[in-house]
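One structure is given here, and the rest of the page talks about it.
None of the figures in this text is laboratory data; all of them are computed from the coordinates on show. Here the structure is a predicted model, which is why all the values come from computation and not from measurement. All Cβ positions, even for glycine, are placed from backbone atoms using ideal geometry, and neighbour counts span all protein chains on display.
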Amino acid sequence: MQTHLFLNKLLKKATGSFTAKIFFAQAVSVVILTLIFTGYFIHRERRAMTELLLNKGEMLSRQLAESCRIGVFAENSSLVEAPIDNAQEQKEVLSVRVFTRDGRLLSERRSPEADHPGKDAVPGTDTYHELFRTLLRTEAPVTLQNDTRMEFWTPILTVDVYLPEETLPFTDSPSPKSERVIGFAGITLDKGGLNATYRGLIFKGILVCGAFLALALGIAWFVARGLTRPLQLLKNQVNALGAGYEVETVPVETGDEIGSLTGAFNSMAQSLRLRDTENANLEAQLRQAQKMEAIGQLAGGVAHDFNNILCAIIGFGTLLEMGLDKEDPVRDHLKQILAAADRATRLTQSLLAFSRKQIINPRSSDLNDIVRDIEKMLNRLITEDIELRIDLPRKELRVLVDQGQIDQVLVNLVTNARDAMPNGGLLTVRTAESEPPAEMLIAQQSPCPGRCALLEVSDTGEGIDMGVRDRIFEPFFTTKEVGKGTGLGLSMVYGIVKQHGGHITAHSEPGQGATIRIYLPIVDNVPVTPVHVEEPLRPPTGNEMVLVVEDDHEVRALHHAILETFGYRVIDAVDGEDAVVQFIRHRDEIDLVIMDVVMPRKNGRQAYGEIVGLRPDIKVLFMSGYAEDIVQEKGITADGLNFIPKPAPPLDMLKKVREILDA
């Protein structure tokens with residue numbers, strides 16, 4: 001039982017692989033065929049050798065019977081000596097005997113090997129009486145044999161004697177008139193040589209069989225490996241694919257089903273490699289988008305606090321400037337303060353542009369016309385050793401954009417290109433119709449399902465390092481020296497392009513210049529919106545009562561001071577709930593409510609709802625330093641309510657107040 005289980009276990013292990021199964025099947029077939037062929041060959045050779053020995057014994061027996069006829073007839077032993085000696089000379093002959101008809105031994109020769117212990121003893125005379133009777137009856141030779149010897153007995157016949165009349169042709173069946181058998185001749189042959197030859201044949205057959213089996217099994221293993229090698233390679237690659245490793249292309253070595261399977265696997269592996277590459281690109285794009293979105297949210301939040309601070313600086317600085325004489329030396333210092341505050345305001349607007357939270361005013365424009373209109377300004381931005389080349393197609397490229405913001409994009413890109421070419425070079429601004437870029441199509445995020453307008457700005461400057469290229473659109477990231485750049489130029493470009501539903505890419509190598517490509521959706525059948533330019537109005541004074549609702553103390557004090565300076569009566573409220581309380585107290589006196597949008601306890605929209613419920617005809621002006629998407633979420637601009645962003649110059653705020661009151 002244990003042996004049976006061991007053999008089953010060994011067989012299962014030996015045939016565990018497909019190669020082993022094929023080899024095992026071939027090996028079993030080869031072994032069976034080899035054993036059958038070897039057995040048949042040995043059997044046929046033994047049979048041939050046995051028949052050869054039988055034929056020799058029968059021939060020697062017949063010759064002895066013929067040669068001993070006269071001696072037996074005369075019963076003279078000397079006459080049979082010579083034939084017996086001739087027969088005895090054969091190496092296989094163990095004994096030669098001649099008997100008379102009545103069973104008397106006439107003569108005998110025995111070789112020394114006849115009495116060898118390994119040979120069967122020669123039977124005595126009495127043993128052959130039954131044999132002699134058979135020979136007398138049949139008059140035909142008889143062969144006897146055992147494992148070690150063969151005995152051939154042939155009757156010794158006389159010459160037939162016939163009567164003359166019986167020899168006539170018409171005699172049907174002549175018969176002898178006397179006994180024909182006069183004696184018996186026997187020869188015993190040794191089968192030792194036959195057995196030794198047979199054993200040698202078996203040994204040689206085993207050697208030949210073993211050599212043939214070794215060769216055949218080697219060929220079978222080679223064939224099995226050759227047949228299953230593609231499958232083995234395929235299996236290894238499938239395992240590697242399942243484990244997440246890099247998969248190599250499996251060579252297609254055959255044109256059969258295995259070759260077709262290998263080709264299909266290679267196609268699948270190639271598709272998976274492309275998919276992994278696409279997934280990696282998408283993942284990188286997602287991480288970049290998430291990073292930019294996080295920075296944008298941070299920028300939008302910080303902008304609110306900056307705006308409140310700048311609002312107070314600009315407002316109080318403007319009030320001081322209004323109260324100073326034109327010749328006052330302090331006026332120059334104040335102008336520097338206001339100029340710095342104005343630059344800070346533009347930085348804040350850049351942050352909001354990057355975060356894509358500025359409200360744009362798009363209209364249908366030809367991108368070529370936008371470039372032509374700003375070409376003179378671009379020439380003034382660059383130095384004399386830089387050549388500006390404008391490449392515009394004849395075909396109109398109509399896009400839905402805020403022209404002022406596209407102008408800002410071009411100014412920022414050209415300024416960066418100028419700074420990248422301190423020793424001069426070539427600056428090219430080109431527009432063209434283009435297909436969406438490949439990365440947009442792979443990510444299936446293309447904002448241009450059909451055609452795109454391409455705006456390309458390229459230079460021959462120093463180029464951008466690979467380690468820097470992925471960060472060029474981040475706010476405050478710059479490769480310029482301290483004091484020569486804010487790091488907001490390209491971030492503003494990025495935000496403006498994204499807000500217009502476009503896509504921007506940067507291509508650069510160190511020493512090979514840089515190329516910025518911007519893709520904008522092409523629009524058709526969009527009516528051109530005329531631009532109305534209003535003449536600036538002088539800020540008039542007033543004496544109406546205004547409720548100022550602001551949670552920031554400095555901004556609230558500023559608005560109070562500005563309005564009082566120009567004749568208005570002012571009531572303050574610190575939040576939305578306080579605004580409702582103050583409005584209830586002075587319901588019939590208040591002419592205008594100036595209200596912040598985002599405040600604690602009650603926001604501006606909630607307080608506005610309660611105030612309008614108390615007095616539907618009340619006029620309200622909303623202000624906010626938050627990004628304009630927050631203002632949109634509160635429903636201020638969507639409902640057409642009056643709104644002005646912070647920081648607003650005092651004159652702008654006064655104009656807006658007078659405009660609302662006079663409406």
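I'd like to compare 182-192, 384-394: which one has the highest average count of other Cβ atoms within 10 Å, and what's the full order after that?
Per-residue mean Cβ counts within 10 Å order the peptides as 182-192, 384-394.
Need the full-extension length gain, Gln145 to Val28, defined as separation in residues times 0.36 nm minus the C-alpha distance. One decimal, nm. Provide the component values of the computation, followed by the final result.
Details: separation 117, 0.36 × 117 = 42.12 nm, distance 3.91 nm.
Full-extension gain reported as 38.2 nm.
Quick one: of Lys619/Lys656; Lys619/Lys655; Lys602/Lys656; Lys498/Lys646; Lys91/Lys191, which pairs are farther than 20 Å apart, Cα to Cα?
On the way: Lys619/Lys656 12 Å; Lys619/Lys655 15 Å; Lys602/Lys656 24 Å; Lys498/Lys646 24 Å; Lys91/Lys191 11 Å.
From the list (Lys619/Lys656; Lys619/Lys655; Lys602/Lys656; Lys498/Lys646; Lys91/Lys191), the Cα-Cα distance tops 20 Å for Lys602/Lys656; Lys498/Lys646.
Taking 7 Å along the Cα-to-C-beta vector as the label spot, tell me the Asn55-Asp617 distance in nanometres, rounded to one decimal.
Here the answer is 14.8 nm between the modelled labels.
Exposure proxy check: Met623, Met599 ranked by fewest other beta carbons within 10 Å?
The most exposed by this proxy come first: Met599, Met623.
Taking H placed 1.01 Å from N in the peptide plane, check which residues at least 5 places from Arg149 or on another chain put their amide H under 5 Å from its amide H.
Sorted by chain and number, the residues that satisfy this are Lys191.
I need the calculated FRET efficiency for the pair Glu278 and Glu433, taking r as the beta carbon distance and R₀ as 25 Å, to the nearest 0.05. Intermediate values should be presented prior to the final figure.
Numbers: r = 26 Å, r/R0 = 1.06.
Step by step, r from the Cβ atoms, then E = 0.40.
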